[in-house]
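Everything below concerns the one structure shown next.
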Amino acid sequence: MTSSDWGDWLPRAVAEADPETVSLWYLGCNGFAIKGRDGTVLWIDPYVGTGDPPRTVRMIPVPFDPEDVESADAVLATHEHTDHVHGPSQAPILANTDAEFIAPDDSLTVAHEEESWTEEWDVDDEQFSEVTEGDELRIGEFTVHVVETHDADATHPVGYVIDHPTGTVFHAGDSKPSPAFPALAEEYDIDLGILAFGSIGTIPDKETGEPVRTKWYSDENEIVEAASALELDRLVPTHWDMWKGLTADPTALHEHVRSFEHPERLQVVEIGDRIEL
């Protein structure tokens, strides 16, 4: 684990913020801190690791130290991959704040069995909550719906529809277009959708080290297909900044979305940006 490139300003910004509705801070990769007007704070997929060079190489700053996070009611994980469930990134947040770690079963297996969070950090078993598709949680001012997504590279991915009196956010993890999305559009009026986007590149194979053609995230056409099926008002693409060889230009999406009814708006954010619901 490396130290933050930015000191503690980002956790302080979250702690000191007083949103009128809901504020979101992009943490890079697929991570967000989300704070409501009543002070409830959710962290989704926060990751401050550097990957596993030379296979996966982090291309963006480390924006905060987990030990500096003082405001958190829950940490949510979308699936079990390292950049979504990572003890050094997330367990210190739980230890500092007594927040819950909310995740599907395979993600909890990583935390319990592979990384031994309760042994390595001051984290209690009571802080772990298993969720699956169809569950509904109340976390402070937010109602969180656990929904089906489609990520063939994960063993049990989920997405989170986060309802607030002032609007609705959908975090889809690393999902590609899913047959479940049109039904979500019927059930929820999603104001802001967070979808992973990236290029196709060559990544060294885990076993042989030989470069292998790799596609982990939606391309330009797929992300627009997903946003259209979800009938998003606003699309925020993520993950395009993270891994060497898989980075992409999110501004290129302006040309892809322009002829579709949805998303109504494309909002490109960079690591550290704050946006409002």
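Just so you know, all these numbers are worked out from the coordinates, no wet-lab data involved. Because the structure is a prediction, the values reported are computed rather than measured. Quick reminder, even Gly has a Cβ in these numbers, built from the backbone with ideal geometry, and neighbours come from all protein chains shown.
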Exercise for review: Given the conditions (1) out of contact with any Asp or Glu (no Cβ under 8 Å at 6 or more places or on another chain); (2) not in a loop (DSSP other than H, G, I, E, B); (3) not hydrophobic (A, V, I, L, M, F, W, C), report the number of the one that Pro46 does not fulfil.
Suggested key: (2)
Practice item. Residues being touching a Ser or Thr at 6+ places or on another chain (Cβ under 9 Å) and under 11 Å from Ala172 (Cα atoms): count how many of those fall in region 219-229. Key: 1
Review point. Can you pull out the residues in region 248-263 that are part of a loop (DSSP other than H, G, I, E, B) and either touching a strand residue (DSSP E or B) at 6+ places or on another chain (Cβ under 7 Å) or under 25 Å from Gly7 (Cα atoms) (or both)?
Key: Ala248, Pro263
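Are any of the residues in region 140-150 crowded, with 17+ Cβ neighbours inside 10 Å, more than 20 Å from Thr2 (Cα to Cα), touching an Asp or Glu at 6+ places or on another chain (Cβ under 9 Å) and of a type in the set (Gly, Ala, Ser)? Spell out the reasoning first.
Let us first name the residues in region 140-150 that are crowded, with 17+ Cβ neighbours inside 10 Å, namely 141-142, 144-150.
If we keep only those that are more than 20 Å from Thr2 (Cα to Cα) too, we end up with 141-142, 144-150.
From the residues that got through so far, the ones that are touching an Asp or Glu at 6+ places or on another chain (Cβ under 9 Å) too are 141-142, 144-149.
Then drop every residue that is not of a type in the set (Gly, Ala, Ser), which leaves none.
The answer is no; no qualifying residue exists.
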Point to revise | Of all residues in region 199-231 being part of a helix (DSSP H, G or I) and of a type outside the set (Asp, Glu), the one that is farthest from Leu184 (Cα to Cα) | key: Asn221
Study note, to complete from the structure: For Gly245, the lone unmet condition from (1) buried (at least 22 other Cβ atoms within 10 Å of the Cβ); (2) at positive phi is (1)
Exercise for review: Being of a type in the set (Val, Ile, Thr) and surrounded by 24 or more Cβ atoms within 10 Å (Cβ to Cβ) is the filter; apply it to region 42-90 and report the residue that is farthest from Ser4 (Cα to Cα).
Suggested key: Thr78
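Being among the charged types (D, E, K, R), over 28 Å from Asp5 (Cβ atoms) and crowded, with 18+ Cβ neighbours inside 10 Å narrows it down to one residue among Glu100, Glu115; which is it? Working first, answer last.
Working: Glu115 fails: over 28 Å from Asp5 (Cβ atoms).
After applying the criteria, what remains is Glu100.
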Check your understanding: Taking region 168-194 as the region of interest, how many residues are more than 21 Å from Glu141 (Cα to Cα) and in contact (Cβ under 8 Å) with a residue 12 or more places away in the chain?
Key -> 12
